[in-house]
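The values are calculated or read from the model by the stated rules, or taken from the named source; none is laboratory data. Please read all numbers here as calculations on a predicted model, not as lab measurements. Every residue, glycine among them, receives a Cβ derived from its backbone with ideal geometry; neighbour counts consider all protein chains shown.
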Amino acid sequence: MNDQAKMLEFVSRCQDPENLRSIIKNARERGATELANAAFRKLISILPQERPGTVEHDFWQTIHAFEHALTEERGKTTRLARTRQKVARVGVLKTLEDWALSSKETDGFTMLLERGMPELTGEAIVLRHGRQFGTQVVVAARQRLEAAGVDITTLPEHSTSL
């Protein structure tokens, strides 16, 4: 087993966010994109405290992914304060519903698509958990993704496949 394979195996078992952040940083510096991406995906899968497979877990994966990306870009810790405040006020489902029904794409939607992560958009979460949303919300989410050129048939059906 080569070093890359050993590191990927380690990442798959790792439950320590700081170790994963360190691996992401070092892998990016060395140009080891596959390892950096694997560590990033593992990091965002373990950060949410909610039960995997729930809409809440998927939502918080998205928030953590976006915050991590912004932190990397800006070189300082960045939190989505307004989004977190809205969730505290109205909850995860209403926040996702508002994103899907908004007349314009959110910055997070655009940024996640630019980074090749359509499965982390709020709209993809709505599609994965469609039974928890009204038909209008699901249709709006599907239309936004399709209008952005996302093949929704390629999106994972469950967050555990991220």
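Output the helices (runs of 4 or more DSSP H) that fall wholly within region 83-162 and possess 3 or more residues being more than 18 Å from the chain's Cα centre (by Cα), or say none.
Of the helices (runs of 4 or more DSSP H) lying wholly inside region 83-162, those with at least 3 residues that are more than 18 Å from the chain's Cα centre (by Cα) span 135-147.
Can you list residue pairs whose Cβ atoms sit under 6 Å apart, with the first residue in region 103-129 being farther than 17 Å from Ile44 by Cβ and the second being part of a helix (DSSP H, G or I) and of a type outside the set (A, V, I, L, M, F, W, C)? Count only pairs 6 or more apart in sequence or on different chains.
Every condition considered, the pairs that remain are Glu123/Arg144.
Which of the numbered conditions does Asn37 fail, given that it passes all the others? Conditions: (1) within 21 Å of Arg128 (Cβ to Cβ); (2) in contact with a helix residue (DSSP H, G or I) (Cβ under 8 Å, 6 or more places away or on another chain).
(2)
So Trp60 fits all but one of (1) touching a Lys or Arg at 6+ places or on another chain (Cβ under 6 Å); (2) closer than 19 Å to Pro118 by Cβ; (3) not small (Gly, Ala, Ser); what number is the exception?
(1)
Hey, can you tell me all the residues within region 108-162 that are of a type in the set (S, T, N, Q), modelled with pLDDT under 90 and out of contact with any Pro (no Cβ under 9 Å at 6 or more places or on another chain)?
Hit for region 108-162 is Ser161, nothing else.
Scan (1) outside the structural domain of Phe133 (by TED's automatic domain parsing); (2) at pLDDT below 95; (3) under 19 Å from the mean Cα position of the chain (by Cα) for the single condition Asp3 breaks and write down its number.
Just one mismatch for Asp3, condition (3).
Could you tell me which numbered condition Phe59 fails, if it satisfies all but one of (1) crowded, with 18+ Cβ neighbours inside 10 Å; (2) modelled with pLDDT under 95?
Tallying (1) crowded, with 18+ Cβ neighbours inside 10 Å; (2) modelled with pLDDT under 95, Phe59 fails exactly one: (2).
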